[in-house]
Every structure is written in C-alpha cells, then in structure tokens.
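Comments concern the structure below.
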Amino acid sequence: MDAEAAKYIGAGIACLGMGGAGVGLGNIFGSYLAGALRNPSAADGQFGRLIFGFAVTEALGIFSLLIALLALFG
Amino acid sequence: MAADKVDPIHQFQIHPIIPIHIGGYDLSFTNSALFMLATVAVAAAFLYLSTSSRSLVPGRLQSVSEMAYEFVGNMLRDAAGTQGMKFFPFVFSLFMFVLVANLLGLFPYFFTVTSHIIVTFGLAALVIGTVVVYGFMKHGLGFLKLFVPHGVPVYLLPLVVLIEVISFVSRPVSLSVRLFANMLAGHITLKVFSGFVVSLSALGAVGVAGSVLPLAMAVALTALELLVAFLQAYVFAVLTCMYLNDALHPGH
Amino acid sequence: MSSKVRPWLDGRGPSNYVAGDFKKRTDGDGLTGQGGCVADKNGPDGTGKTGRGKQHEADIRDDDLERRRRDLEASLATRRPDRLEGKDDAKTGSVAGYGQALKLSSEFIAGIVVGAALGWFIDRVAGTSPWGLIVGLLLGFGAGVLNVLRSAGLVSEFGTGDKPRDPKE
C-alpha cells in the first residue's frame with residue numbers, strides 16, 4: 001500500500017467522527033422537539049440554548065473534518 | 001426497455017448548439033444560454049404584453065404583473081427603506097429572472113438554468129458586487145464599519161472582525177448554493193420517481209398497477225416543485241434586499 | 001334599505017365591532033332564514049326586490065371590506081418593524097419548516113466552506129500549511145454559527161451590535 005492510499009484511508013477514518021456529531025445532533029434536536037411538544041409555550045425561549053448545544057456539538061464534528069482535511073491537503 | 005436506464009443527471013448536461021471558439025476559449029452557444037435567452041424573452045414579453053393596455057381596472061394578466069411589481073416593491077421597501085427603491089429595477093429583474101427560469105425548468109424536456117451553480121453564483125456575485133461597490137461609493141471607508149459590531153471588547157475585536165468578514169463572504173455562497181441545491185435536488189427527485197414509473201411498468205401487469213404509486217408521487221412532487229420555484233425566487237429577492245440594506249445603512 | 005345600512009358600513013374604528021352595532025346590522029339585512037315578517041318589514045315590494053337589494057348590499061360590503069383591508073395594510077406597513085429574516089415564516093407549516101431547515105443548514109455550511117477555502121488559499125499563497133486551514137476552519141465554524149443565529153433572528157444584523165436598530169427613513 002503506498003502512502004497516497006493510506007492518506008485517503010486515514011481521511012475516511014477521520015470522517016467517522018462526524019458520525020458521532022451526527023448522533024449528538026439528532027439527540028439534541030430530538031430532545032428539543034420532545035420538550036417543545038410537552039410545553040410548546042416554553043419552546044421559543046429555549047431556541048437560543050438549542051443553537052448553543054448545536055454549536056458545541058458540531059464543533060467536535062468540525063474537529064474531525066479538520067483532521068480529515070489536514071490528512072488530505074495538509 | 002430495461003436497457004435504457006434512466007439517468008437522473010442527464011437533464012443537467014450542457015451541450016453546444018452553435019459551436020463558437022475564439023482564441024482558445026469555448027464560447028459556444030449552449031442550451032443553457034438558449035434557455036437564459038428564453039427566460040429573458042418570456043419575462044420581458046409577459047410584462048410588456050400584459051401591461052400594454054394600461055387599463056385603470058386591470059385585467060387578469062395585467063393584475064398578475066402588477067402584483068409582481070407591488071410584491072417586489074413592498075419587499076424592498078420593508079427591507080431597505082424608501083432609499084432602497086433606487087435598486088428596484090435590479091431586484092425586480094433578478095426576481096423575475098430567477099422565477100421565470102425556475103418555472104420554465106418545470107416543463108418536461110426543458111433545461112433548468114438555475115440548477116447550475118455557476119449561474120446562481122454569478123447572480124449572487126452580482127448582488128454582493130453591487131453591495132460592495134455601492135457601499136464604498138456612498139460611505140467610503142465607513143462601509144467597513146459593517147464588520148465592527150458595537151460593544152465588543154477591544155481584545156476580542158480582531159477575532160470578531162475576522163468572523164464577520166468570513167460571514168459576509170459566505171453570503172453569496174449560501175445564497176447561490178441554496179437556490180442551486182433546491183432546484184437540483186427537486187429535479188433529480190422528480191426524475192427518479194418518473195424513472196420508477198417507467199421501470200416498474202416494464203415488469204408486466206403487476207408492475208403497471210404498482211407504478212401508480214410513484215406516478216402519484218411524481219404528480220405531488222411537481223406541485224411541490226412549483227411552490228419551491230416560487231419560494232426560492234422569493235428568498236433570493238428578499239436576501240438581495242437585506243444585503244442592499246447593508247450597503248445603504250452600514251453601522252447605523 | 002341601503003341607506004339604512006350605509007351608516008354602519010361607513011362607520012370607522014373599533015365601534016364597528018361592538019355588540020349593539022352588530023345587532024343593528026343583523027336587523028338591517030336580516031333576510032336569510034328569518035321568514036316573511038322581516039322581509040315584509042324591510043322590502044314591502046316582494047322577494048325579488050329584496051333579493052337584488054341584498055346583492056347590492058353585498059357588493060358594497062365587499063368594496064368596503066376591501067378598502068378597509070387596504071387601509072389596514074397601509075397603516076401596518078408604515079409601523080411594522082423590519083422583519084428579521086426567517087422569523088416570520090418559522091411556524092407556518094411543513095414546507096416552510098423544510099425551507100427554514102435548508103436555509104439554516106446552507107448558511108452554516110457556507111460559513112465553514114468559505115472559512116476553510118480562505119484558510120487553504122492563505123496556506124497556498126503564504127506557505128503556512130497547515131495552520132491557515134486549521135485557523136480558517138475554526139473561524140469559518142464561528143462564522144457559520146453566527147450566520148445561523150442571525151438567520152434565526154437571535155443576533156442583531158450586521159454592524160448593529162447591541163444597539164437597537166434605527167428606524168428607516
């Protein structure tokens with residue numbers, strides 16, 4: 001296996017981390033929706049916190065994207 | 001029958017109609033260019049013919065074009081104030097071009113101009129170019145206040161300004177990607193479901209009976225695409241108005 | 001008959017909607033389903049005339065309704081605050097929700113793509129690989145979140161900071 005192939009495989013493996021971020025995002029939005037259905041009047045007030053949770057979770061996904069991009073182009 | 005597979009991407013291929021090559025550049029008149037011309041011709045002819053009678057009590061066609069006029073006018077006035085009305089011809093042309101291009105693309109065998117990212121990016125670059133040029137013309141370097149929010153501590157300022165600049169640059173990208181992705185995804189979905197109808201009905205009587213389902217889906221999707229065609233033209237025009245507002249009133 | 005109705009139709013303001021006026025109106029054109037006695041009281045010439053009068057009234061009412069709606073729209077347009085992008089169509093159905101979701105995600109991705117592309121370009125020009133890409137991607141992430149917040153109407157628009165927005169001239 002030459003180094004070029006290893007690079008692509010490494011990038012692919014690094015992208016697996018995005019899957020974890022995806023699971024986390026699904027969890028966050030699902031929980032938000034469940035809470036919003038229980039108490040719709042409080043839903044709009046919590047939208048900011050929803051986005052905060054989204055940002056923090058997605059940041060970890062972005063780290064793995066960063067590693068993948070570094071493996072490809074760095 | 002099963003040999004000619006349905007290729008959902010085929011409809012987006014660009015092929016030259018009149019080949020023109022000047023100095024190593026391929027400047028051929030393509031089907032994309034043809035449909036852009038058709039879009040402009042249809043929009044201009046519709047607006048001209050429907051308003052040519054200029055009756056005080058508008059007929060059906062005239063009220064459609066008046067509605068389009070007032071719709072864009074109110075949008076621009078809401079977003080950018082009365083000062084923004086000097087951009088009305090620009091925004092109205094953009095809106096009509098995108099709307100008519102989207103609607104023309106819904107006809108079978110027609111080419112969808114807005115399903116190519118370079119076209120939508122060209123339109124978005126036009127918008128953002130207007131914003132930048134007009135902003136600097138009107139406010140000089142004061143236009144750069146756009147990137148400096150009030151009430152940010154000095155030590156955070158470089159970071160915030162960098163982020164604001166990236167956010168500004170990402171605007172034409174998101175503007176063009178949104179229009180392009182909507183049109184592309186919609187047309188591919190339509191094509192795939194229509195393809196199901198063909199390949200199912202090749203299977204015999206059971207297949208023909210079963211192909212009713214994807215046919216119904218394709219009909220419903222066509223209605224949805226009609227809505228999306230209008231909605232995306234609207235979103236494009238609204239965002240153009242908001243960006244022009246930044247050129248008119250940076251920093252407030 | 002129409003002269004009896006007109007004062008109500010031309011009346012302006014919220015007094016239109018108080019109970020007394022409403023009752024007067026139902027008395028005025030109470031033709032449907034009330035039986036012969038009301039029709040006799042209002043239109044002694046017979047049912048044909050009353051029918052036409054009703055039609056006419058309906059026209060007047062429609063015109064008037066149209067005019068009042070236009071007035072309302074005009075007065076709303078002057079005092080409506082400038083709407084934040086996407087805020088007004090947040091809960092108007094599934095298609096609008098789909099559009100909203102596409103919009104938010106495209107804003108986010110556009111921020112990241114532009115940040116990474118800028119960083120990569122700086123790397124290429126200045127030869128600072130891989131730091132430009134790293135910093136660019138992180139800044140692009142920040143810009144993407146900012147785009148999402150702005151698009152959802154949670155953060156003020158460009159350049160406005162924490163100050164309230166000036167009214168439009």
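The values are calculated or read from the model by the stated rules, or taken from the named source; none is laboratory data. What you see is a predicted model; the values in this text were computed from it and never measured. Please note: Cβ atoms are built from the backbone with ideal geometry, for glycine as well, and neighbour counts cover all protein chains shown. Protein only, heavy atoms only, side chains kept; ligands, DNA and RNA dropped before computing areas. Shrake-Rupley method; radii C 1.70, N 1.55, O 1.52, S 1.80 Å.
Amide H contacts under 5 Å for B:H116: none, restricted to partners 5 or more places along the chain or on a different chain, H placed in the peptide plane at 1.01 Å from N. The Rg/Rh ratio of region B:145-201, with both radii computed over alpha carbons and Rh defined as the Kirkwood radius, is 1.46. Sorted largest first by accessible area at a 1.4 angstrom probe radius, with every protein chain in place, the residues B:Y109, A:Y8, B:Y243 fall in the order B:Y109, A:Y8, B:Y243.
Taken along the Cα-to-beta-carbon direction at a fixed 7 Å, the label points for B:V40 and A:N27 span 5.5 nm.
Would you kindly give the portion of the calculated P(r) for region B:2-248 that falls above 28 Å, as a percent of all Cα pairs? Beyond 28 Å sits 48 percent of the P(r) for region B:2-248. Comparing mean-square fluctuations of B:S167, B:S176, B:S32 from a GNM of chain B with C-alpha springs under 10 Å, the top value falls on B:S167. Here each label is just a point 7 Å from Cα along the line to Cβ, and for A:M1 and B:V132 those points are 4.4 nm apart.
Look at the stretch C:132-144: the mean tally of other chain Cβ atoms within 10 Å of its residues' Cβ atoms is 6.
Each residue of region A:19-25 was assigned a 3J(HN,Hα) from its phi angle through the Karplus expression (A = 6.51, B = -1.76, C = 1.60, θ = phi - 60°), giving x, x, 4, x, 4, x, 5 Hz with x at Gly and Pro. Close amide H contacts of B:F29 (hydrogens built in the peptide plane, cut-off under 5 Å, sequence separation of 5 or more or a different chain): B:I17, B:I18, B:I20.
3J(HN,Hα) along region B:16-33: x, 9, 10, x, 10, 10, 10, x, x, 9, 8, 10, 5, 7, 9, 5, 4, 5 Hz, from the Karplus curve 6.51 cos²θ - 1.76 cosθ + 1.60 with θ = phi - 60°, whole Hz, x for Gly and Pro. One Cα centroid belongs to region A:42-74, the other to region B:1-67; the line between them spans 41 Å.
Couplings 3J(HN,Hα) for region B:165-176, derived from phi with the Karplus relation 6.51 cos²θ - 1.76 cosθ + 1.60 (θ = phi - 60°), are 5, 4, 4, 5, 5, 6, 5, x, 5, 5, 4, 6 Hz, where x marks Gly and Pro. Pairs of Cα atoms in region C:94-151 fall into 5 Å distance bins, from 0 up to the last occupied one, in shares of 5, 24, 21, 16, 13, 9, 6, 3, 2, 0 percent. A simple spin-label model places pseudo-atoms 7 Å from Cα toward Cβ; at B:F107 and B:Y48 they are separated by 1.8 nm.
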